[in-house]
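First comes the structure, then the notes that go with it.
The values are calculated or read from the model by the stated rules, or taken from the named source; none is laboratory data. What you are looking at is a predicted structure, and each value in this text was computed from that prediction instead of being measured. All Cβ positions, glycine included, derive from the backbone under ideal geometry; neighbour counts span all protein chains shown. For the accessible areas, the whole protein counts, side chains as well, though only heavy atoms, and no ligand, DNA or RNA atoms are used. Shrake-Rupley method; radii C 1.70, N 1.55, O 1.52, S 1.80 Å.
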Amino acid sequence: MQVDDFIVPPLAWDAIETLTVRIRAQFDLSNNPHFPIIELIEQVLDQKLGWVNFEVGSVEEMGRAEGYTCPKGEFIQLREDVYVDACRNQGRARFTAAHELGHFAMHTNIPLARATRGDGTPAFRLAEPQANQFAAELLMPVAFIRRYDTASTLVGRFGVSHVAACNRLEYLSKKGKI
């Protein structure tokens, strides 16, 4: 059996949004559209507060895995090329870093059960969709998005990929939030 994801305690997308709003407020980033994801993980959570060890792993060591967060909350690891790209404000790499922070914030020291693709587990019970929603909410808060915004506008404002911006606009429109 190939493990595609893990079943985790259910979280509504609105609860994830609330969590990201609290995190932005906790670190005095509520008024800043562009979230400094690498700086927060590396300089604040690791070096200043000592809440988590931030590690950069080699391509050889990590293989296809772009990031990994220890289920016990001991470390967050990014593959070296992803780390370099995130430091250069490349959108996809920034999303990966925010996704790993989501695992740290939501999935540390909780029971995990294996899930396989297509087993019928709803997205709000799966670790990967939850972490993706966390990254989208953290990097692209609805408070900074207007009905007339385009994907290109979001890319420039938030430092995200075009795909992430399109997905965010589609989600917010579907939910009637913009």
Looking only at the stretch 113-127, decide whether some residue is modelled with pLDDT of 95 or more, assigned to a loop (DSSP other than H, G, I, E, B) and over 22 Å from Phe144 (Cα atoms). no
I need a count of the residues in the stretch 147-165 that are outside any helix (DSSP H, G or I), open to solvent by less than 60 Å² (accessible area, probe 1.4 Å) and hydroxyl-bearing (Ser, Thr, Tyr). 1
Between a first residue in the stretch 45-71 that is part of a strand (DSSP E or B) and a second residue that is of a type in the set (Gly, Ala, Ser) and crowded, with 16+ Cβ neighbours inside 10 Å, which pairs have beta carbons less than 8 Å apart while being 6 or more apart in sequence or on different chains? Gly67/Ala97; Tyr68/Gly57
Here the residues within the stretch 85-99 that are without any contact (Cβ under 8 Å) to a residue 40 or more places away in the chain and part of a helix (DSSP H, G or I) are Asp85, Ala93, Thr96, His99
Which numbered condition Val3 fails, given (1) modelled with pLDDT of 95 or more; (2) of a type outside the set (S, T, N, Q); (3) part of a loop (DSSP other than H, G, I, E, B); (4) on the phi < 0 side of the Ramachandran plot: (1)
Set Gly102, Gly91: member being open to solvent by less than 40 Å² (accessible area, probe 1.4 Å), closer than 25 Å to Val160 by Cα, of a type outside the set (S, T, N, Q) and touching a Gly at 6+ places or on another chain (Cβ under 9 Å): Gly91
Is there a residue in the stretch 23-31 that is closer than 19 Å to Leu78 by Cα, open to solvent by less than 60 Å² (accessible area, probe 1.4 Å), under 17 Å from the mean Cα position of the chain (by Cα) and of a type outside the set (D, E, K, R)? no
Considering the stretch 32-71 alone, what residues qualify as being open to solvent by 20 Å² or more (accessible area, probe 1.4 Å) and hydroxyl-bearing (Ser, Thr, Tyr)? Ser58, Tyr68
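I'd like the full set of residues that are aromatic (Phe, Trp, Tyr) and either assigned to a helix (DSSP H, G or I) or open to solvent by 60 Å² or more (accessible area, probe 1.4 Å) (or both), limited to the stretch 72-84.
The one that is aromatic (Phe, Trp, Tyr) and either assigned to a helix (DSSP H, G or I) or open to solvent by 60 Å² or more (accessible area, probe 1.4 Å) (or both): Tyr83.
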Residue within the stretch 73-84 that is free of Cβ contacts under 8 Å to residues at least 12 places away in the same chain and within 20 Å of Ile38 (Cβ to Cβ) present: yes
Counting only residues in the stretch 111-146 that are more than 26 Å from Ile178 (Cβ to Cβ) and within 18 Å of the chain's Cα centre (by Cα), the one most open to solvent (accessible area, probe 1.4 Å) is identified as Arg125
Regarding the stretch 46-61, can at least one residue be identified that is under 30 Å from Val142 (Cβ atoms) and of a type in the set (Ser, Thr, Tyr)? no
